[in-house]
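Shown next, in structure tokens, is the structure this report addresses.
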Amino acid sequence: MTGGTALVVIDMQRVFAEPGSAWATPGYADAAAGVARLLPAFAGRTVFTRFVAPPTPEGAWAPYYRAWPDQLRPADDAMWDLTIEPGEAPVVSATTFGKWGEDLDAATSSAERLVLAGVSTDCCVLSTALAAADAGRFVQVAADACAGVSEADHRRALDAMRLYAPLIEVAEVGGLLLP
């Protein structure tokens, strides 16, 4: 990726897509449809992320996983699989909500701007957007290519990110696809 803009598809995984999952995200299908609209425009400039549980939760994560013991699965468990085929795009896995860090920075190293899409708006998207903006990247969040734990939480997260303008901009997929 050289200059320009990179698409970061956050945590589009079975654990958030499947209705029977404790972490099922309402609106996942709509977010996936938005991501599908974005992908062709970012061919060769896309990075996918995956949330995975740590082998041994430590610190604040220990009580978190006591509340969600069924999610303590190995990183190769099928529930962590992406629901969108990444093709040749890099995949960054992390045990944290926010995916911004050395690996995602390296995978998007020369992109001046990041477009974020995925789930959940009120957790992993928000955490990634704030950290990437703090690191000096311009961030655009594709609102209609994201989904939250609820529609109200999705809207609240988008409103919170709007407070960070001009570091973070919230836009619709259609606006991001304009030449």
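Every read-out reported here was derived from the displayed coordinates using simple, explicitly stated rules and does not represent laboratory data. These figures come from a predicted structure and were not determined experimentally. Note that we place each Cβ from the backbone using ideal geometry, even for glycine, and neighbour counts take in every protein chain shown.
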Which condition number does V125 fail, the rest of (1) in contact with a strand residue (DSSP E or B) (Cβ under 8 Å, 6 or more places away or on another chain); (2) free of Cβ contacts under 8 Å to residues at least 40 places away in the same chain being met?
(2)
Segment 94-122, residues that are touching a residue at least 24 places away in the same chain (Cβ under 8 Å) and hydrophobic (A, V, I, L, M, F, W, C)
A94, F97, W100, L104, A107, A111, L114, V115, L116, A117, V119
Hey, among P40, P63, which residue is within 30 Å of E112 (Cα to Cα) and without any contact (Cβ under 8 Å) to a residue 12 or more places away in the chain?
P40
